[in-house]
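Q: Before anything else, here's the structure in question.
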There are 2 protein chains.
Amino acid sequence: MASSNMKFLGQKLAQSIDVDLMSKYGYSIDQLMELAGLSVAQSIAHEYPAGKVLLCIGPGNNGGDGLVAARHLKHFGYRPVLYYPKQPSKDLYKNLLLQCSSHHIPLITDLAQEASNCDLIVDAIFGFSFHGSVRAPFDSALNILRQAKAPLVAVDIPSGWDVEAGDVHGLGLSPDMLISLTAPKVCAKHFKGRFHYLGGRFVPPDMAKELGIPQFPGSDQCIRLD
Amino acid sequence: MASSNMKFLGQKLAQSIDVDLMSKYGYSIDQLMELAGLSVAQSIAHEYPAGKVLLCIGPGNNGGDGLVAARHLKHFGYRPVLYYPKQPSKDLYKNLLLQCSSHHIPLITDLAQEASNCDLIVDAIFGFSFHGSVRAPFDSALNILRQAKAPLVAVDIPSGWDVEAGDVHGLGLSPDMLISLTAPKVCAKHFKGRFHYLGGRFVPPDMAKELGIPQFPGSDQCIRLD
């Protein structure tokens, strides 16, 4: 299904595409996050049976995508729980969390215990804006994720990976599924898991052509790339 | 698939549910409109082959749902065109239209000509806030829609119908498909077309239980009711 001329984005290009989507193409962050998070939930629903899903939520947009995905997973019959240790004060995130709580999606604090007692783990901690090294509490969180037996699903980028070079810090996360959003990032070339999906069906045709984005099937919000 | 105890909403209840979704449940209008419009496009994709779709867009939220649906239909391989004679100045609508134009979705002005030269017509003119009588230019627009040969899809409510009593003005629209959003309105009991769908997969579980909303299948954003 993958398009042979599909572009893999570096950090700067990914950031400028995001800016373009929200300026010259007229999207709001709410719309993009809703469609991105929905595509994450749908990709999961295509490959894993309903069960308990632990979503690890970071403080930025990658975390926002995870909160949206959690809500849709609940609608799809999964049992999501959230690990969300750094909750930003912006209304966008507060409202996404309120939506989760009104869907009876619990917040958990003991990550080690929950990670050993779930069917699937979603890494929505850091995305394409990440650089530098991982700080507390996410350093120990990633250590727990690395050791967990449940399959790991990475949203856009495995957390702690360099957007281009991959796992330069040797954190050792090995996701079973990677869901690239908008377009794959360069580090996706280092992905060794079973399922590589592309989500975020909002790229206008001119940009899609330039990036070599494949045609998604039917009315799905995601496409399997590998 | 329909739930036997599903509630049909009157105008006041529909309005108060909308307020609740955007206050105590924390949704933004962008999110609700995105999911509603996506569910409209998906319902259409479930029943009609790809072709030219004329979307008639009103000045309020029903029109906004239509603009979102047009964009998703384009992604699904349809050829949408927009009749949008009253364009409000609010940023929400301007941005939805900008998204459509960046998807190369044309605006048309000669409704009669286009209505006789398309495969499907979507009525996204008036929704559950409508009351009173239909004014220009929508009075003549509805007359054209009534006489068109292409199947008609009504978004939430056939335009000009009373939310509860149905076609009290005798406008004579007879949609082939009705896509109720959030929950059916009372007037849906007068719908005589082939396909009745429910869209808008965002109703939190407590509200869904109270309204008797059925479980949607898989990761679909819509469910056929009849």
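Each value in this text was obtained by applying a stated rule to the coordinates, not by laboratory testing. Worth saying up front: this structure is predicted, and the values here are computed from it rather than measured. Note: ideal-geometry Cβ built from the backbone for every residue, glycine included; neighbour counts use all protein chains shown.
Q: Between A:ASP65, A:ASP119, A:ASP156, find the one with the highest GNM mean-square fluctuation for chain A; connect C-alpha pairs within less than 10 Å.
A: It is A:ASP119.
Q: Can you list, shortest first and in nm, the gaps between the label point of A:LYS7 and those of its counterparts in the other copies, using a point 7 Å from Cα in the C-beta direction?
A: Taking the point 7 Å beyond Cα along Cα→Cβ, the inter-copy spacings are 4.9 nm.
Q: Next up: Collect residues whose amide H, placed 1.01 Å from N in the peptide plane, falls under 5 Å from the amide H of B:LYS185; neighbours closer than 5 in sequence don't count.
A: For B:LYS185, the qualifying residues are B:LEU9.
Q: Same structure, new question: Counting other beta carbons within 10 Å of each residue's own, what order do A:SER174, B:SER28, A:SER39 fall into, fewest first?
A: A:SER174, B:SER28, A:SER39
Q: Taking the rotation axis that maps chain A onto chain B, which residue of A brings its Cβ closest to that axis, and at what distance in whole Å?
A: Checking which Cβ lies nearest the axis yields A:ASP30, 2.
Q: Step through the table entries B:LYS12/B:LYS185; B:LYS90/B:LYS189; A:LYS12/A:LYS192, compare each Cα-Cα distance with 22 Å, and write down the pairs that go over it.
A: Result: B:LYS90/B:LYS189; A:LYS12/A:LYS192 exceed 22 Å.
Q: Any chance you could give the angle, 0 to 90 degrees and rounded to 10, that helix B:61-75 forms with the longest Cα principal axis of chain B?
A: That works out to roughly 70 degrees.
Q: Defining the label point at 7 Å along Cα→Cβ, can you sort the distances from B:ALA50 to the same site in each other copy, shortest first, in nm?
A: Counterpart label points of B:ALA50 in the remaining copies fall at 3.2 nm.
Q: Can you tell me the FRET efficiency between B:HIS131 and A:LEU92 if r is taken as the Cβ-Cβ distance and R0 is 30 Å, rounded to the nearest 0.05? Each step should come with its number before you reach the end.
A: Values: r = 34 Å, r/R0 = 1.13.
Given R0 = 30 Å and the Cβ-Cβ separation, E is 0.30.
Q: Helix B:91-102 sits at what angle to the longest principal axis of chain B, using alpha carbons and giving 0 to 90 degrees rounded to 10?
A: Orientation of helix B:91-102: about 60 degrees from the principal axis.
Q: Mind jotting down a quarter of the surface of the convex hull over the alpha carbons of segment A:162-226, in square nanometres, one decimal?
A: Mean shadow area of the hull around the Cα atoms is 4.7 nm².
Q: I'd like the Karplus ³J(HN,Hα) series for segment B:76-86: coefficients 6.51, -1.76, 1.60, θ = phi - 60°, whole numbers in Hz, and an x wherever there's a Gly or Pro.
A: Residue by residue, segment B:76-86 yields 7, x, 7, 10, x, 10, 10, 9, 9, x, 10 Hz.
Q: Now a separate question. Using bins 10 angstrom wide from zero, how does P(r) for segment A:11-213 break down, in % of all Cα pairs?
A: Spelled out per bin, shortest first, that is 9, 39, 39, 13, 1.
Q: Mind pulling the angle between the C-alpha long axis of helix A:11-22 and the longest principal axis of chain A? Nearest 10 degrees, somewhere in 0 to 90.
A: Long axis of A:11-22 versus the principal axis of chain A: about 80 degrees.
Q: What net charge do the residues around A:PRO205 carry, taking every other residue with its C-beta under 13 Å from that of A:PRO205, with Lys and Arg at +1 and Asp and Glu at -1?
A: +3
Q: Based on the alpha-carbon set only, what is the convex hull volume of the protein assembly as shown divided per residue, in Å³?
A: Details: hull volume 58.7 nm³, N = 452.
Taking the convex hull of the Cα positions in the protein assembly as shown, it is 130 Å³ per residue.
Q: For segment A:11-213, what relative contact order do you get, as a whole percent, if you take Cα pairs closer than 8 Å and at least 6 residues apart?
A: Details: 373 pairs, mean separation 40.1, N = 203.
Over segment A:11-213, the number comes to 20 percent.
Q: In nm to one decimal, list the spacings between the A:PRO106 label point and its equivalents in the other copies, with label points set 7 Å along Cα to Cβ, shortest first.
A: Between copies, matching label points for A:PRO106 lie 5.7 nm apart.
Q: Sequence gap at least 6, Cα distance under 8 Å: using those rules, report the relative contact order of segment B:28-101 to the nearest whole percent.
A: So the answer I get is 34 percent.
Q: Can you grab the distance from the C-alpha centre of segment A:84-146 to the C-alpha centre of segment B:1-60, Å, no decimals?
A: 30 Å
Q: Residue by residue through segment A:171-179, which ³J(HN,Hα) values in whole Hz follow from phi under the Karplus form 6.51 cos²θ - 1.76 cosθ + 1.60 (θ = phi - 60°), with glycine and proline marked x?
A: Each residue of segment A:171-179 in turn: 6, x, 5, 10, x, 7, 9, 10, 10 Hz.
Q: So what J values fall out for segment A:181-194 if you push phi through Karplus, 6.51 cos²θ - 1.76 cosθ + 1.60 with θ = phi - 60°, rounded to Hz, Gly and Pro as x?
A: Along segment A:181-194, the couplings run 10, 6, 7, x, 8, 4, 5, 4, 5, 8, 6, 10, x, 7 Hz.
Q: Still on this model: Given the options A:LYS74, A:LYS209, A:LYS149, which has the most mean-square fluctuation in a GNM of chain A, springs set between C-alpha atoms less than 10 angstrom apart?
A: A:LYS209
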